[in-house]
Every structure is written in structure tokens, then in C-alpha cells.
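A.B. asks: A single structure is presented below for examination.
The values are calculated or read from the model by the stated rules, or taken from the named source; none is laboratory data. All of these numbers come straight from a predicted model, not from anything done at the bench. Heads up: the accessible areas ignore ligands, DNA and RNA and are worked out on the full protein's heavy atoms, side chains in. Shrake-Rupley method; radii C 1.70, N 1.55, O 1.52, S 1.80 Å.
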Amino acid sequence: MDNLLKLKHLYKLKESGVEYFEGFESKEMKINMPNELIELEKICKNCTLCDLSKTRKNVVFGEGNPKARLMLIGEGPGETEDKTGHPFVGRAGQLLNKILQNVLNLNRDDVYIANIVKCRPPHNRVPTIEEAQTCKPYLLKQIDIINPKILVCLGKTAFMYLMESDLPISKVRGQIFEYKGKKVVPTFHPSYLLRNPSAKKESYKDFLLIKSML
Ligand code: URA
């Protein structure tokens, strides 16, 4: 976690009355994660580590090809995903399917799709730092097991929480970053593209870059 995020997190904890905080790395270290995706999914589906578990209908663990070279990371489940337990199945998901098909010539079965948080934040709000940090070990283990060549961060939240960066998505999109030996390409979230169709041109360029890297 970068220092800015740590500071924000500490201020939030202080506001809520916490006087001593053990450390940022310890939470991730304490959870012993299995090396099998199916076992990891079982644990994740019973997770109650944060308050999002109280309002979820379903845990949206993630799905796709467990040996995918391309892994896409979104922010968190929306209403349809929460209802069905599957990632990116609402309107944004349909647009994502079209992009994958039309630009990369790939189906959903060819890629793996997961989110920063596995449970829906109420009213689709952005996950808090605490929720993201609590849920992140599941995502990191998914990345570890699947071992994709490229990670695509869909939108600012995915990039911010994966890379621990506060930079706007408009500044980082279409650039290649690195995370634990994997290439990371941030691009616009499909929901943003639905609201701002003129950004599809840039998104198209980003996916052409991803195609060239695969
Ligand atoms: N938006 C996301 O970020 N993830 C989903 O799974 C659905 C919509």
C-alpha cells in the first residue's frame, strides 16, 4: 500500500476511535490461502471478513478460464452480479463481451474475470479502502493461481487498489505497468463507456494494445 493510502486509512481508523493499529501487511499474511481455485472459492463464498457480507445476496468470486493468459479485474459486483453470483453480467458486462469478441476475438471462456471486492457494495458505491484491503488476498491468490500474462484493470478503482496508486484513469489508461512480473494495462470501465460513448475510441486503442501483447 502506498503512503497516501496508508495515511487515509489511518485517519479513517482514528476517526472511528481506533488507538492502535497493528499494521497493514499483517492482515494479508494471517490468512492462509489454498493453492486450488475451487478451494479458494469455497472459502471466499463463506467469507464474513467485512460488512459487505451482511448485505450481499451472493459472493461473486470470479470465473472463466483458470489458465487464462488475460485476466480482467473490475471494481465489484453490481445488482445483477449480486443476484446471479457471476461477474459482469449486467449492461456493462454485455459491453465487455462485445469488446472481447470484436477486438480480441475472445469469448468469456477464454479469459478470467474477477473483481477487487467479491460482494456488492450497497447502492454500487465504490468499495472503501478497508473493504478492498480485506478482500484483496482473494484476488492476489486468484492471480497467483491463474498466473495470467496480462492483467487488465477496468477503471480507476481496480487500478487504484491493485497498484496502490491514486492516479486518474485518464492519465494511466493505455500504458503498461508491472505487478509481480505481470503486465498491467488499465483502461476505462465498461460502465464509464456506457455513460461516455465518446471514450470508446480510446478504449478500442487500449484493447488493440492488449491484443498486440497477447
Ligand atoms: N462492474 C464491476 O466492476 N464488476 C462487475 O462484476 C460488474 C460491474
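A.B. asks: For the chain, with a Gaussian network of springs between Cα atoms less than 10 Å apart, report the residue from Leu154, Leu104, Leu70 with the top mean-square fluctuation.
C.D. replies: Leu104
A.B. asks: Once you have the Cα-Cα distance between Asn102 and Leu214, take 0.36 nm times their residue separation minus that, and quote the gain in nm to one decimal.
C.D. replies: Working it through step by step, the gained length comes to 38.8 nm.
A.B. asks: In what sequence, largest accessible area first, do Met33, Met71 appear using a 1.4 Å probe?
C.D. replies: Descending accessible area places them as Met33, Met71.
A.B. asks: Considering only Cα-Cα distances, which of the following residue pairs are longer than 19 Å: Lys67/Lys183; Lys171/Lys211; Lys182/Lys211; Lys45/Lys180?
C.D. replies: Violating the 19 Å limit, Cα to Cα: Lys171/Lys211; Lys45/Lys180.
A.B. asks: Here's another thing I want to ask about it. Carbon and sulfur together cover what percent of the accessible area of the chain at a 1.4 Å probe radius?
C.D. replies: C and S atoms contribute 50 percent here.
A.B. asks: Please compute, for the alpha-carbon atoms of the chain, the extent along each of the three principal axes and give them in descending order in Å.
C.D. replies: Sorted largest first, the three principal extents are 52, 35, 34 Å.
A.B. asks: Right, next: Calculate one ³J(HN,Hα) per residue across segment 53-66 by plugging θ = phi - 60° into the Karplus curve 6.51 cos²θ - 1.76 cosθ + 1.60, and present them in order as whole Hz with x for glycine and proline.
C.D. replies: Whole-Hz 3J(HN,Hα) from phi for segment 53-66: 5, 6, 10, 6, 8, 9, 7, 9, 5, x, 6, x, 6, x.
A.B. asks: Okay, next question. Order the following by accessible area, largest value first: His123, His189. Probe radius 1.4 Å; ligands, DNA and RNA are ignored.
C.D. replies: If we order His123, His189 from most to least accessible, we get His123, His189.
A.B. asks: Hey, if we sort Thr157, Thr84 by accessible area with the 1.4 Å probe, largest down, what's the order?
C.D. replies: Reading off the accessible areas and sorting them downward yields Thr84, Thr157.
A.B. asks: May I pose another question? Using each residue's phi in segment 154-168, evaluate 6.51 cos²θ - 1.76 cosθ + 1.60 at θ = phi - 60° and report the 3J(HN,Hα) Karplus result to the nearest Hz, with x for Gly and Pro.
C.D. replies: Per residue, the Karplus-derived 3J(HN,Hα) values read 8, x, 4, 4, 4, 5, 4, 7, 6, 9, 6, 9, 9, 6, x Hz.
A.B. asks: Kindly write out, for segment 179-191 in residue order, the coupling ³J(HN,Hα) from the Karplus curve 6.51 cos²θ - 1.76 cosθ + 1.60 (θ = phi - 60°), rounded to whole Hz, with x marking Gly and Pro.
C.D. replies: Each residue's phi maps through the Karplus curve to give 9, 6, x, 10, 6, 10, 10, x, 8, 5, 6, x, 5 Hz.
A.B. asks: Next up: So, for the chain, what is the accessible surface per residue at a probe of 1.4 Å, expressed in square angstrom?
C.D. replies: The answer is 53 Å² per residue.
A.B. asks: Please list, ordered by chain and number, the residues whose modelled amide H lies under 5 Å from the amide H of Tyr179; skip anything fewer than 5 residues away on the same chain.
C.D. replies: Val184
A.B. asks: Something else about it: Calculate, in nm to one decimal, what Tyr192 and Arg125 gain on full extension: separation in residues at 0.36 nm each, minus their alpha carbon distance.
C.D. replies: 22.7 nm
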